[in-house]
Amino acid sequence: MPRYELLNNITHKDLRVSTHFGAEFGDQVGMVAAYPTEFAELQREYPIFLRKDPKGSYHAVALLGFSEDENLYLQGDRWTANYLPGAVAKGPFLIGFQEQMVDGQLRTEPVIHVDVEHPRVRNGEGRGQALFMPHGGNSPYLDYIARVLRGIDVGARAAEEMFAALDIAGLIQPMDLEVRVTEDYVAKVTGLHGIDRDALAALGGEPLQELHRKGWLEGAFLLLASVNNVSRLIAEKQRRLRMAEELAVPA
């Protein structure tokens, strides 16, 4: 059960965070949240799709595997892609907001919370990244986490407007994924949406200019380009199936 606390260098001075990966840390999942602020990096290695929540809003996800508990980027305690999605990189942290006095004015400022019950969190010396320096300043790792959380915050706020605009422009279509991995194995992922290539190519006039002015047009092209990374998932799934077959053959 998560238990979030406002991070500070007194209560949490001895906390360390494991940066290894594995099912024990919740990494054995088939998709993770993705944010427009990281689409340029994600689309080089991950397929990015949209999913619709019960309220009808779209949210982006990076596809990691073909089932809920399959992460094809996870090998032992290693993550094999060069770019780590922000939703994974943030680990046990989340961004919150708190009213603070800044230059004599009451402002709502972002603050970091940590889930002290998260399996990555260790209290005391040992393996893991320290959050604070011996004399109380932020460690390089915590500075990195702050940047990740800022990107998530900005991306989450941009996503709502961006996906609504793409939907109004008629660019989003259902896109259930069904691929033949081997002769005997067909992978299927439902509930996905993606960019309609033909609708994007045909878009013109004011709708096209408006998406370009807002900065959402680039995101649409990145989403579309990312789908090519499904081939990477297929290749890795084929490799793992071959390994399983070889292990099953008696010596």
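The values are calculated or read from the model by the stated rules, or taken from the named source; none is laboratory data. Since this is a predicted model, take the numbers as computed values, not measurements. Neighbour counts are summed over all protein chains in view; Cβ atoms, including those assigned to glycine, are modelled from backbone coordinates with ideal geometry. Surface accessibility is based on the protein's heavy atoms, side chains included, excluding ligands, DNA and RNA. Shrake-Rupley method; radii C 1.70, N 1.55, O 1.52, S 1.80 Å.
The condition (being over 18 Å from Gly65 (Cα atoms) and surrounded by fewer than 18 Cβ atoms within 10 Å (Cβ to Cβ)) is satisfied by just one residue among Asp198, Asp176: Asp198.
The residues in the range 21-58 that are within 13 Å of Ala159 (Cβ to Cβ), among the small types (Gly, Ala, Ser) and either open to solvent by 20 Å² or more (accessible area, probe 1.4 Å) or part of a loop (DSSP other than H, G, I, E, B) (or both) can be counted, and the count is 2.
Condition test on Tyr4, is it hydroxyl-bearing (Ser, Thr, Tyr), touching a helix residue (DSSP H, G or I) at 6+ places or on another chain (Cβ under 9 Å) and either surrounded by 12 or more Cβ atoms within 10 Å (Cβ to Cβ) or touching a residue at least 24 places away in the same chain (Cβ under 8 Å) (or both)?
Working: hydroxyl-bearing (Ser, Thr, Tyr): yes; touching a helix residue (DSSP H, G or I) at 6+ places or on another chain (Cβ under 9 Å): no; either surrounded by 12 or more Cβ atoms within 10 Å (Cβ to Cβ) or touching a residue at least 24 places away in the same chain (Cβ under 8 Å) (or both): yes.
So Tyr4 fails the test.
Going by what's in this entry, would Ala81 be described as outside any loop (DSSP other than H, G, I, E, B) and touching a residue at least 24 places away in the same chain (Cβ under 8 Å)? So Ala81 does not fit the description; no.
Restricting to the range 62-81, give me the number of residues that are small (Gly, Ala, Ser) and closer than 17 Å to Ser18 by Cα. Even if it seems obvious, please write down each step before you answer.
First, pick out the residues of the range 62-81 that are small (Gly, Ala, Ser): 62, 65, 67, 76, 81.
Next cut, closer than 17 Å to Ser18 by Cα only: 76.
Summing the residues that are small (Gly, Ala, Ser) and closer than 17 Å to Ser18 by Cα in the range 62-81 gives 1.
Pairing residues of the range 160-173 that are closer than 20 Å to Gly191 by Cα and of a type in the set (D, E, K, R) with residues that are open to solvent by less than 40 Å² (accessible area, probe 1.4 Å) and assigned to a loop (DSSP other than H, G, I, E, B), at Cβ distances under 7 Å and at least 6 apart in sequence or on separate chains, gives no pairs at all.
So for the range 9-28 (the condition being within 23 Å of Thr190 (Cβ to Cβ), out of contact with any Pro (no Cβ under 9 Å at 6 or more places or on another chain) and not polar (S, T, N, Q)), does at least one residue qualify? Steps first, answer last, please.
Keep residues of the range 9-28 that are within 23 Å of Thr190 (Cβ to Cβ), which gives 26-28.
Now narrow it down to the ones that are out of contact with any Pro (no Cβ under 9 Å at 6 or more places or on another chain): 27-28.
Among the residues that remain, those that are also not polar (S, T, N, Q) are: 27.
Scanning the range 9-28 turns up at least one residue that is within 23 Å of Thr190 (Cβ to Cβ), out of contact with any Pro (no Cβ under 9 Å at 6 or more places or on another chain) and not polar (S, T, N, Q).
Selection over the range 72-87 of residues that are open to solvent by less than 10 Å² (accessible area, probe 1.4 Å) and either within 8 Å of the chain's Cα centre (by Cα) or aromatic (Phe, Trp, Tyr) (or both) gives a count of 3. When the test is whether a residue is open to solvent by 50 Å² or more (accessible area, probe 1.4 Å), under 22 Å from the mean Cα position of the chain (by Cα), within 20 Å of Tyr35 (Cβ to Cβ) and touching a residue at least 40 places away in the same chain (Cβ under 8 Å), Val148 does not pass it. For beta carbons closer than 8 Å, sequence separation of 6+ or different chains, a first residue in the range 88-99 that is under 14 Å from Tyr4 (Cα atoms) and open to solvent by less than 10 Å² (accessible area, probe 1.4 Å) and a second that is assigned to a strand (DSSP E or B) and among the charged types (D, E, K, R), the qualifying pairs are Pro92/Asp115; Phe93/Asp115. For the range 236-247, filtered to residues that are aliphatic (A, V, I, L, M) and open to solvent by 80 Å² or more (accessible area, probe 1.4 Å), the residue that is farthest from the chain's Cα centre (by Cα) is Leu247. Of the helices (runs of 4 or more DSSP H) entirely within the range 133-251, those holding at least 1 residues that are at pLDDT 95 or above and of a type outside the set (A, V, I, L, M) occupy 140-168, 197-202, 216-226, 230-248.
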